[in-house]
Amino acid sequence: MLPRVTATVDLAAIRHNFGRVRQLARGRRVMAAIKADAYGHGAVQVARALADADALAVACLEEAVVLREAGIAQPIVLLEGVLDAAEAREAAARELTIVVHDDQQLAAVQSLDGARPVPVWIKLDTGMNRLGFVPERAPELLERLAALPAVRLVGWMSHLACADDRESGFTTQQLARFLKATEGLPGERSLANSAAVLHWPDTHLDWVRPGLMVYGASPFPGATGAEHGLRPAMRLAARILSIREVRAGDRVGYGARWRAVRDARLAIVSAGYADGVRRSLPVQGLRFPVAGGSAELVGTVSMDMLCLDLYGAPAARVGDWVTLWGEPPAPAIEQVAAAAGTIPWELMCALTGRVRMVWEGGAD
Ligand SMILES: *Cc1c(COP(=O)(O)O)cnc(C)c1O
């Protein structure tokens, strides 16, 4: 059975991008974010490709368990921490690193009594107002953890709200709050996501925590990964199911939102919003490579299909592959995301189980 839609993940590109992180972070340790199934790229495969990362970061226990069951032995950090004492025990048994961000989580790790101390990061809230303790509590939290033999403090982390805005003063403010709160305290410090790795070197501190850039995309609006020396790790492609002729004045697709201004040859392509191609894409203008030419998206993206005007791709035939995002000449995922009114993070994570995943460039 031939796949209808494939996402081809280039693990060599992921290793290249990780090398860029190493260059930019100059000697700081790197915790690669592979939560959400490595942003849709396959957490186990990406973890294997990143065997020299200092740690891997996932959102929750379920994601970490998948990695451990697959034999991934590296340090794994639970960014959202654990929800209760039972989860804390399981995290300890799986040798995971726990982030603690509120008193309930602190109680969960306080209940641990194992012989091997569990590594713990404390998360401080420096302005995001999502997770984390108020920074002023750092000395008190340090004291509490020091009293627990089953816990070992690794360090302090916080998360930046506006690092993707190169002009925003908010990042400088958050950095200042973080440095002030942790000044003179033992433990390592971590603040930088991808945007901060790329643009805010003062935030690099002891550990950086890139996600998006490892997959080759730029966090900055209007930019693409290539501008930072990154290579897109994912190519999304779908096949032409059918080709038809329409006459000038004919309308295409749900809502009849696109109207042919001349006679046209159209390709119906086997990818839609049930695969992860956004329905919010514009009804004309976006171009995709096919058969040595380029075809224009026309009409509303539907659940299983989208439609292309083939005037720029006269050689296209049924069965040909159309690249929806990836390396040039395909549009970058950042460009498709912008056209759909969203961000590359969301597009990567939105691929559905119907998409056939293919990995290439693996080490083994
Ligand atoms: C997801 C995540 C990151 C990585 O962010 P990117 O913008 O994808 O680089 C870093 N830190 C935390 C706490 C995260 O949740």
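Where a number appears in this text, it was derived from the coordinates with a stated rule and is not lab data. Treat the numbers as computed from the prediction; the structure is a model and nothing was measured. Here the Cβ positions follow ideal geometry from the backbone for every residue, glycine too, while neighbour counts run over all protein chains shown.
Observations on the model:
- Computed over the range 297-359, the convex hull of the alpha-carbon atoms projects to a mean area of 5.4 nm².
- Of the trypsin sites (Lys or Arg not before Pro) in the range 260-363, those whose Cβ has at most 12 other Cβ within 10 Å and which sit in DSSP loop: ARG262, ARG317
- Placing +1 on the Cβ of every Lys and Arg and -1 on the Cβ of every Asp and Glu, with no other charges, gives the range 1-150 a dipole of roughly 780 debye about its Cα centre.
- Förster radius 51 Å - calculated FRET efficiency between ALA146 and THR352 (Cβ-Cβ, nearest 0.05): 0.65
- Kirkwood Rh (inverse of mean 1/r, distinct Cα pairs), the range 149-206, angstrom: 12.0
- Dipole axis of the range 259-364 (+1 Lys, Arg; -1 Asp, Glu on Cβ), positive-most option in ALA339, SER280, LEU266: LEU266
- Length gained when the stretch SER242-ASP165 is fully extended (0.36 nm per residue, less Cα-Cα span): 23.4 nm
- Taken as Cα centroids, the range 1-51 and the range 168-244 sit 14 Å apart, rounded to the nearest whole angstrom.
- Computed P(r) (all Cα pairs; the range 40-173; 5 Å bins; percent): 2, 10, 19, 20, 18, 15, 10, 5, 1, 0
- For the pair ARG130 and GLU183, label points projected 7 Å from Cα toward Cβ lie 2.8 nm apart.
- Using a Förster distance of 25 Å, the FRET efficiency for MET303-ALA12 (Cβ separation, nearest 0.05): 0.15
- Taking the longest Cα principal axis of the chain as reference, the axis of helix 170-182 is set at about 20 degrees.
- GLU227-GLU360 pseudo-label distance in nm [points 7 Å out on the Cα-to-Cβ vector]: 2.8
- Under 14 Å, Cβ to Cβ, from PRO149 - net charge with Lys/Arg +1 and Asp/Glu -1: +2
- Working note: Cα gyration tensor of the chain, eigenvalues times five, square-rooted, sorted largest first, giving semi-axes of 44, 21, 17 Å.
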